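Here is the structure we will look at.
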Amino acid sequence: MNIPTELKHKPVIVSEDYDKIDGRSAYNSDAKGLSLGLAQWNERGKVDISAKVWRYTGEKWSRQSEELPLHRVLDLAILICKTRKVFRERYHKNERDYPKYPLLDRIGLQGGAMNVSVCEANPQIVGDMDLFEATLAKDDEIISERLNVLSGLLKELEA
């Protein structure tokens, strides 16, 4: 299925048929494509690049399609990597090992920092963390494959 080009987001680089490789939803996903292109929020004289996940309901392109600035996509990748590391180390540590718990880490960005914390406001946090960890483990092969590809590409960029 071809990603639409007549909408406000103007695709430049696309990955069509994404639904065939969309993790556990592969072959049964409404996310039909990914694109990098000119952001829909562009104004005259100000152009941004964005990443977009294109969702299709079976009848029309969905309003739930997401568009993100590239730095946010990378921030999400950083958050995923840090979260995976925290959960891998979870069995070897306890709350005493996290002196600023629920703050797990501060990752320096742009002269500030991205805080990585446990969401204490969630009243079901203990059970939800267990469910999150189980799902992370179940999806380990899917996530690891993508992180290995990303790692290789990052190494290539250092050249």
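Rule-based calculations on the coordinates, nothing more; no lab input. Just so it is clear, the model here is predicted, and its values are computed rather than measured. Cβ placement follows ideal geometry from the backbone for every residue including glycine, while neighbour counts extend to all protein chains displayed.
For the chain, the fraction of alpha-carbon pairs lying more than 25 Å apart is 46 percent, rounded to a whole number.
Across segment 71-157, the relative contact order, built from alpha-carbon pairs under 8 Å that are at least six residues apart, equals 17 percent. Beta-bridge orientation, the chain: approximately 100 percent antiparallel, per DSSP, counting only bridges with both partners inside.
For the chain, what does -39500 (n - 2.57) per DSSP helix run (n ≥ 4), summed and divided by total residues, give at 222 nm, in deg cm²/dmol to the nearest 500? Don't skip to the answer; put the middle values down first.
Details: 3 runs with 52 residues, N = 159.
Computed ellipticity for the chain at 222 nm equals -11000 deg cm²/dmol.
Measuring how big segment 70-159 is from its alpha-carbon positions, Rg and Dmax come out at 14.7, 47 Å.
With respect to the cross-link table entries Lys60/Lys155; Lys20/Lys85; Lys93/Lys138, which display a Cα-Cα separation exceeding 30 Å?
Lys60/Lys155
Sorted from fewest to most neighbouring beta carbons within 10 Å, what does the list His9, His92, His71 look like? Mind showing how you got there, number by number?
Values: His9 22, His92 7, His71 12.
Fewest to most other Cβ atoms nearby, the residues stand as His92, His71, His9.
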